[in-house]
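Novice: Structure provided below as C-alpha cells; questions to follow.
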Amino acid sequence: MVNLITCFIEALNKGSVPNINNTWDSVIKDEITSYYNNSINGFDKNLVEKKIEKFEQEELMDLLYRDYVKFIFLYNDLLKKNSEILLKESYRILFEEKFESLRNIFGNSIEKILEENIEKTKK
C-alpha cells in the first residue's frame, strides 16, 4: 500500500496523472520480490549456524529440510495475502519463476552443506 501511495505522489509531483494499472503492477511485482528476498534471507540466516556446527548427517538433513519447508511456506504466504497473483498471467509467471528459483537455491545450498558436513565429520 505504501508503494501504491508513493507511486501516486511521484506522478502527481511530476505533474502527470497516475496510471492505476501500471502502479498496481509495480506494487504486486515489488511484493513478490519482497517475499522472495525475505525467504532467501531467512533461509541463509538459518544456514549460518548449520555451516559452523557439526551434526550427524541425518539430523542436519532434517534441520535443513525443515528450514526449506518453512521458507517455501513463507513465500507462499503471499498468496494468502493477495490471491490476485494467480489470476493475472504476468503476476503468476513472475511468482512461479521466483518460486522455482527458491527451490533451486535452497536445494543447491542444502546439497552443499550436506557435502561440507560429511567432510567435517570425517576429521
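The values are calculated or read from the model by the stated rules, or taken from the named source; none is laboratory data. Predicted, not measured: the structure shown is a model, and the values here were computed from it. Cβ atoms come from the backbone with ideal geometry, glycine included; neighbour counts cover every protein chain shown.
Novice: Quickly run through segment 102-123 and pick out the residues that are in contact (Cβ under 8 Å) with a residue 12 or more places away in the chain, exposed (fewer than 14 other Cβ atoms within 10 Å of the Cβ) and under 17 Å from N37 (Cβ atoms).
Specialist: Hit for segment 102-123 is R103, nothing else.
Novice: Looking at the structure I just gave you, is L74 in contact with a helix residue (DSSP H, G or I) (Cβ under 8 Å, 6 or more places away or on another chain), over 30 Å from E119 (Cα atoms) and not β-branched (V, I, T)? Walk me through how you get there before you give the answer.
Specialist: Details: in contact with a helix residue (DSSP H, G or I) (Cβ under 8 Å, 6 or more places away or on another chain): yes; over 30 Å from E119 (Cα atoms): yes; not β-branched (V, I, T): yes.
Against the criterion (in contact with a helix residue (DSSP H, G or I) (Cβ under 8 Å, 6 or more places away or on another chain), over 30 Å from E119 (Cα atoms) and not β-branched (V, I, T)), L74 qualifies.
Novice: Also: Within segment 80-99, track down each residue that is touching a helix residue (DSSP H, G or I) at 6+ places or on another chain (Cβ under 9 Å) and within 18 Å of I40 (Cβ to Cβ).
Specialist: Start the filter on segment 80-99 by keeping residues that are touching a helix residue (DSSP H, G or I) at 6+ places or on another chain (Cβ under 9 Å), which leaves 81-82, 84-86, 88, 90-92, 94-95, 98-99.
Passing the criteria: L94, F95, K98, F99.
Novice: I need a count of the residues in segment 38-56 that are of a type in the set (S, T, N, Q) and within 14 Å of K112 (Cβ to Cβ).
Specialist: We begin by selecting, within segment 38-56, every residue of a type in the set (S, T, N, Q); these are 38-39, 41, 46.
When the remaining residues are screened for being within 14 Å of K112 (Cβ to Cβ), the result is none.
Result for segment 38-56: 0.
Novice: Hey, another quick one. Identify all residues within segment 80-96 that are at pLDDT below 95, of a type in the set (A, V, I, L, M, F, W, C) and surrounded by fewer than 16 Cβ atoms within 10 Å (Cβ to Cβ); write none if there are none.
Specialist: L86, L87
Novice: Could you list all residues from segment 38-54 that are over 11 Å from the mean Cα position of the chain (by Cα), among the aliphatic types (A, V, I, L, M) and surrounded by 11 or more Cβ atoms within 10 Å (Cβ to Cβ)?
Specialist: The one that is over 11 Å from the mean Cα position of the chain (by Cα), among the aliphatic types (A, V, I, L, M) and surrounded by 11 or more Cβ atoms within 10 Å (Cβ to Cβ): L47.
Novice: Follow-up question, since we're still on this one. For segment 55-71, give me each residue that is part of a helix (DSSP H, G or I) and surrounded by fewer than 16 Cβ atoms within 10 Å (Cβ to Cβ).
Specialist: Listed by number, the residues that qualify are Q57, E58, E59, M61, D62, Y65, R66, V69, K70.
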